[in-house]
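Quick notes on the structure that follows.
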Amino acid sequence: MSNKKNDRRTQILQSLAQMLESSPGARITTSALAKQVGVSEAALYRHFPSKAKMFEGLIEFIEESLFTRINRIIQEESNVVARIEVIMTLILGFAEQNPGMCRLLTADALAGETERLRVRIAQVFDRIETQLKQIIREADLKQGLRPAMGVAPCANFLIAVIEGKIRHYVRSEFKVKPMEIWQEQWSVLAQNLMLNR
């Protein structure tokens, strides 16, 4: 019974993500979501007490997907510039593969929803920025490299690049992919990111 319930929860979240992708700019209603899943609205609420909880389920998926992999990258990649590149590529690749999630990451889909959800999305980006700061700090200690513009401004600039590319993807209704021309952009960034001490 528990597996069946988890399967239905997963189906609801997948349908919600699909609707976010297929209806750029549209507000998702529980009525439309129930129709997409093929259940009644009451059945939706048996699995999630509110639409906000459904969005939270998707945000948890984003957090788990990204931070599990970011932690693995930090463990496995010792070169600081390569580590930053792999993390940024991971995030942009995740965005490209999950267009509906990008509407959450930009808070586009959260207009009119509870403030708690927007705060939670802001915390995702804050955590990524904190990770980048830590990596950049380590560059000086372990590799004799220092950021061209200071630790905090450098991490903030990198997070702005990530957010900008994801926002552009949403604004283009998923036509301008985050990974398009990323290698060329990264090569320019990498050349100017760190300086020898």
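All of the numbers you see were taken from the coordinates with simple rules; none came from a lab. Fair warning: this is a prediction, and the values are worked out from it, not measured in the lab. Because the Cβ atoms are built from the backbone with ideal geometry, glycine has one as well, and the counts that use them run over all protein chains shown.
Note on residue 40 and residue 68: with the Förster distance fixed at 41 Å, the Cβ-Cβ geometry gives a FRET efficiency of about 0.75. With a Cα cut-off of under 23 Å and a minimum spacing of 8 residues unless on different chains, the lysine pairs in the chain number 12. Two decimals is fine: what is log10 I(q)/I(0) at q = 0.11, 0.13, 0.15, 0.16 Å⁻¹ for the chain, from a Debye sum with one equal scatterer on every Cα and no solvent? Once normalised to I(0) and log-transformed, intensities are -0.56, -0.74, -0.92, -1.00.
Placing unit charges on each Cβ (+1 for Lys and Arg, -1 for Asp and Glu) gives the chain a dipole about its Cα centre, and among 153, 38, 62 the Cα reaching farthest toward its positive end belongs to 38. Database remark: amide H of residue 194 closer than 5 angstrom to the amide H of 148 (H placed geometrically; neighbours at sequence offset of 5 or more, or on other chains; Pro and chain starts carry no H).
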